[in-house]
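Heads up, the thing below is written out as structure tokens.
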Amino acid sequence: MKTRLLVRLPLLAVCWSWTFNCQAADRIHVLALFPDRVMVEVDGKRKVLRVGETAVDGLRLLSSDSRRALLEVEGVERVMELGGRIGGAFRPPEQTEVRIVKDRAGMFTTTGTINGQIVDFIVDTGASAVAISQEIAKRLGIDFRYTGTRGLVETAAGRTNAHAVVLTRVAVGGIERRNVRGLVVEGGDPALALLGMSFLEGLEMEHSGQLMVLRQSR
């Protein structure tokens, strides 16, 4: 049985950027990136981490390539690029804040994770769910044809098949949501994931000029 899924999916290809809200004192500094390895400096001491290894209590490498690394810091996933820093104490504050800056195309873009794997997002308050293409789902290992509910979505190119799924974990910066409603659109579009309202709902959103701030109270 087909279910009609109503969601707006603009088909966009844009450049992505992401900023951290760091404190003054730098505790973690990414010095070098390699496939499945990263060199970090923690409190002035250098260490090479392999995937799954822990540098100090609360800091673990989940994945990495030559462009960026996914670190777990006190249970919070952080996507770090070369030269990236995390400052202050590891323990997260009572309120988590993520700052997102407009890219050259005028879109609010950021990097996060789906089910622990790095994904580039565009913030889309017009999308009812977190939406990804079939190609992204395949890379993430999501078996949407088996676990999803098939339906139709309206896109800029017209109607196309999609599958409603549940994403175990979606995270942007220090904000993580579990069991998030998602859509997998058949084909290669959207080329980049849409961070829709199934993730954004319940967050405090502040938009001023080139900056968007997402806040989550713990």
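Worth a mention:
- Members of segment 55-81 that are over 20 Å from residue 115 (Cα atoms) and in contact with a Lys or Arg (Cβ under 8 Å, 6 or more places away or on another chain): 55
- Subset tally (residues that are surrounded by 15 or more Cβ atoms within 10 Å (Cβ to Cβ) and modelled with pLDDT under 85) for segment 155-184: 3
- For segment 167-195, the set of residues classified as farther than 23 Å from residue 205 by Cα and touching a helix residue (DSSP H, G or I) at 6+ places or on another chain (Cβ under 8 Å) consists of 184, 185, 186, 187, 188, listed by residue number.
- Test: residue in segment 114-124 that is under 29 Å from residue 203 (Cβ atoms), among the polar types (S, T, N, Q) and assigned by TED's automatic domain parsing to the domain that holds residue 205: yes
- Selection count, segment 204-218, where residues are in a loop (DSSP other than H, G, I, E, B) and within 20 Å of residue 119 (Cα to Cα): 0
- Of the listed requirements (1) under 23 Å from residue 80 (Cβ atoms); (2) at pLDDT below 90, residue 187 misses just one: (1).
- Only listed residue being assigned to a strand (DSSP E or B), of a type in the set (Val, Ile, Thr), assigned by TED's automatic domain parsing to the domain that holds residue 103 and touching a Ser or Thr at 6+ places or on another chain (Cβ under 6 Å), chosen from 180, 170: 180
The values are calculated or read from the model by the stated rules, or taken from the named source; none is laboratory data. All values derive from a computational prediction rather than experimental measurement. For neighbour counting, all protein chains shown are included, and Cβ atoms are generated from backbone atoms with ideal geometry for every residue, glycine included.
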